[in-house]
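Worksheet: the structure to be examined is printed underneath.
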Amino acid sequence: MKYKISDDSKLPQFVVDTWGPLVFLFMQDLRDQPGQIEKVKEHLSSMLAPLKGITADMGIETFQLADIWEDPMKCHFGFYDGNYCDANHIRDTHPSLAERLDLKNYHCEFLGPTSLQTCPVKEDSSDVRSGGMAYYFKLPPTVAVNIYKQTRDRSVPLPPDTMNKDVMDTNIVIPVSEKETKVSFGFYFPPGTEQSSKDAYIASSKGIQEEDRLVCESVQIGNDSDDIEIEAIDTGMFMKPEVLEFGFQKWMIEELEKIISELKKG
Ligand SMILES: [Fe+2]
């Protein structure tokens with residue numbers, strides 16, 4: 001369905017972009033700032049560029065939503081967010097996942113404001129995430145996209161009867177209250193993915209989320225306690241502990257300082 005909007009319409013105007021099966025909306029009403037539209041378009045497009053690059057040869061636009069699952073958590077959304085961006089938590093929180101990842105080659109990159117964590121996945125025919133690369137992409141503060149991309153020659157079509165094992169899932173983080181968060185998971189698969197493979201991936205993701213929930217809710221309990229002891233552990237395994245979260249906080253301070261300086265000028 002199409003609508004024709006008259007030029008003098010007072011409707012809000014938002015910039016949108018698309019990637020794969022998803023639509024991204026930049027939540028800034030630009031109806032009174034038409035000169036900003038191109039700039040915001042470029043900004044949104046540059047934020048999505050890493051995702052578009054990773055999936056350029058995956059046919060991601062054909063992926064189909066198989067299931068949505070919402071998990072209520074008893075913690076502030078910031079704890080969930082911080083946990084996601086802390087690469088070090090994988091080894092202790094997700095021991096079974098950690099065994100399947102080649103953690104020595106785990107990399108974190110802060111792209112301002114987005115971030116990307118990448119890690120090769122070990123070959124294991126019994127595992128739904130066997131071989132290839134894992135990508136954990138964060139659009140702060142509330143959206144994450146996780147991609148498992150199998151390694152193969154993508155210039156040739158998959159032989160008949162060979163299943164495309166690429167997978168993508170989204171995490172939408174919904175702050176509910178100071179101590180409650182809801183995370184909505186969307187699971188996407190290429191056309192033709194067998195139901196058993198979808199079920200195995202979704203069950204595995206739910207197990208990982210269960211492990212994350214226990215950590216995040218424990219952090220909330222610790223945060224509420226008067227008796228807090230914080231112990232910083234630098235395992236030296238990754239580039240730098242919490243490099244992504246720190247990068248985002250630093251970026252946000254710089255952005256806020258720019259806004260304050262503009263306001264002072266005006
Ligand atoms: Fe986790």
Members of the stretch 166-197 that are surrounded by 18 or more Cβ atoms within 10 Å (Cβ to Cβ) and not in a strand (DSSP E or B): D166, P190, T193
Test: residue in the stretch 86-108 that is under 30 Å from S130 (Cβ atoms), β-branched (V, I, T) and surrounded by fewer than 17 Cβ atoms within 10 Å (Cβ to Cβ): no
Count of residues meeting criterion [surrounded by fewer than 19 Cβ atoms within 10 Å (Cβ to Cβ) and among the β-branched types (V, I, T)] in the stretch 55-85: 2
Inter-residue pairs, beta-carbon under 9 Å, first modelled with pLDDT under 85 and in the stretch 204-229, second within 16 Å of the ligand (Cβ to nearest atom), 6+ apart: N223/C75; N223/F79
Single residue of the stretch 109-128 satisfying the filter (surrounded by 19 or more Cβ atoms within 10 Å (Cβ to Cβ) and without any contact (Cβ under 8 Å) to a residue 60 or more places away in the chain) that is nearest to the ligand (Cβ to nearest atom): C119
Of the criteria (1) at pLDDT 95 or above; (2) in contact with a Ser or Thr (Cβ under 9 Å, 6 or more places away or on another chain), which one H107 fails: (1)
Filter result (part of a helix (DSSP H, G or I) and either more than 30 Å from L11 (Cβ to Cβ) or touching a His at 6+ places or on another chain (Cβ under 8 Å) (or both)) within the stretch 31-76: P50, G53, I54, I60, T62
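The values are calculated or read from the model by the stated rules, or taken from the named source; none is laboratory data. Nothing here was measured: the structure is a model prediction, and the numbers come from that model. Please note: Cβ atoms are built from the backbone with ideal geometry, for glycine as well, and neighbour counts cover all protein chains shown.
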